[in-house]
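Asker: Got a structure for you, questions after.
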Amino acid sequence: MVDTGVNSTRNGHDEDGSADYTNSIMSRSLSQDVLEELLTTAGGSTERLNRSEDNRMELKKSFSAESLLDYAKTMAAFANAGGGYLIFGVLDKPRQIVGLANDNFDKTDPAKLTTCLNNHFSPEIRWEKMVHQHNGNRIGIIYTEESLCKPVVALKNDGSGESSVKEGEIYYRYNGKTDRIRYSELRGILDKVRDDETNRWMNLISRVAKVGVANVGLLDLKTGLLTGSGGQLLVDKSVLPNVRFIKEGHFSEVEGDPALMLTGEVVPIDSELIQPVKTIVVNEGITLSDIVDCFLNNKTIPNPKDYITQMCHQSTGNLPIYHYIRMADMTIEETIRFVSGIKSRTKKGRIIRNRLKNSLDSGYGKGFVYSREDYVKMIVGKQLDRMIGPEEIVIFLRSVRTIEQKKIDRAYLYPYLWDAFGHYYFNADGRTAQEFRKTLCHLDYHQNRPYIRKDTIPTK
């Protein structure tokens, strides 16, 4: 019995064909030969494994639905490393196979584990769950595939003790242990991301050079617009879902995948028959970084409502929302109604609505804020001559919130905040990440709230 879990809404074939690739990895990793090799014993009546826990395997005596967060944390670590196995029904010490004592593993809905992964980690984690029979013992196995989009990052704080996860942390599987990632492994992941991107560009450029720039066209699979040196061609959107990429040298008109072939004479259309169309800008995949970037760098965007929508899907409801309300020329009541109509799994819309109704700069409350006079002087006097260090960032952010708004030169301060956000936020502990959000919300509130249309702003 095998259940497949994908920490994503995607099923079957991905647009880029990655599902076929990953499914083949899953099949090999859970093949009979591979599993029997993992469960090789020393023989005799003890059924003791030859192999200890390592960077690819963790052993559990039993499975409990109450421990899903613990399993999810280990799975995230496997995804950031080379993939790995959670094996249930085996003692860690002395590595003896005892089998599953009940049917908890079988009866637990895979959707519950997927939900736990979705709620706590991003991007997607691909996994499979199965029961394997070994010498009369039932062994539960969860296999986690190495992530194609590293690093997998924790989205929020939850749990306690060794099973706890903290927002922004990255977990990695070391020999027999799940731990926060160290610099060398993180550097390796980031270097590989950069190298892969470079290789894709070099491969594309090489292909263009072989064909010749004048003979190359670009087909936008979302809009259907084919653009080349000779002009533009619009492909009907209804046929775009049927477009398949065929591996070089494997085209067959009889046995191959369906292909889109454009033939015949291209006839220009009378310009008088072409009706004006409305240009719709679709901004897909808005991230937390995008939200902060547009605020701190004062970028003009055509779709501020999309950013407000995305805030409702984030792991926090405390982001610089007033910047986007002002840009969308909405009132507070209009924004509250708009947010109320957004369906989100994270339920952060409730925090946003509470902030707007009660005129709060953030959802954390005021609290006690202390600062350092030297930071205040450097910010007000425009004397910041270096990047703020990780050991200083919390007190620096708190110092920003103590300064009178009229004394802050945002054009001077915001680039420092943007650099600090990029350097520290996604690897910061929960407290530091919260200080970032408090400071962004505080600045956003005082910079933008007074200029929002006030005719329908509710009073406290």
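The values are calculated or read from the model by the stated rules, or taken from the named source; none is laboratory data. Source: prediction; values computed, not measured. Virtual Cβ from ideal backbone geometry, glycine too; neighbours counted across all protein chains shown.
Asker: Failed condition for T309, given (1) modelled with pLDDT of 90 or more; (2) surrounded by fewer than 18 Cβ atoms within 10 Å (Cβ to Cβ), with all others met?
Answerer: (2)
Asker: Out of S45, S8, S62, I need the residue that is hydroxyl-bearing (S, T, Y), part of a loop (DSSP other than H, G, I, E, B), under 32 Å from the mean Cα position of the chain (by Cα) and modelled with pLDDT under 75. Which one?
Answerer: S8
Asker: Only one of these is modelled with pLDDT of 85 or more, surrounded by fewer than 18 Cβ atoms within 10 Å (Cβ to Cβ) and either part of a helix (DSSP H, G or I) or in contact with a helix residue (DSSP H, G or I) (Cβ under 7 Å, 6 or more places away or on another chain) (or both): P458, P450, P390. Name it.
Answerer: Being modelled with pLDDT of 85 or more, surrounded by fewer than 18 Cβ atoms within 10 Å (Cβ to Cβ) and either part of a helix (DSSP H, G or I) or in contact with a helix residue (DSSP H, G or I) (Cβ under 7 Å, 6 or more places away or on another chain) (or both) holds for just one of P458, P450, P390, which is P450.
Asker: Separate question: If a residue has to be closer than 19 Å to K150 by Cβ and of a type in the set (V, I, T) to count, how many in region 194-215 make the cut?
Answerer: Of the residues in region 194-215, 1 are closer than 19 Å to K150 by Cβ and of a type in the set (V, I, T).
Asker: Which of the residues spanning region 388-428 are within 28 Å of the chain's Cα centre (by Cα) and among the acidic types (D, E)?
Answerer: If the condition is that a residue be within 28 Å of the chain's Cα centre (by Cα) and among the acidic types (D, E), then E391, E392, D419 are the ones that fit.
Asker: Yes or no: T223 exposed (fewer than 15 other Cβ atoms within 10 Å of the Cβ) and of a type in the set (V, I, T)?
Answerer: yes
Asker: Hey, another quick one. Consider region 305-337. How many of its residues are under 21 Å from V292 (Cβ atoms) and in a helix (DSSP H, G or I)?
Answerer: 15
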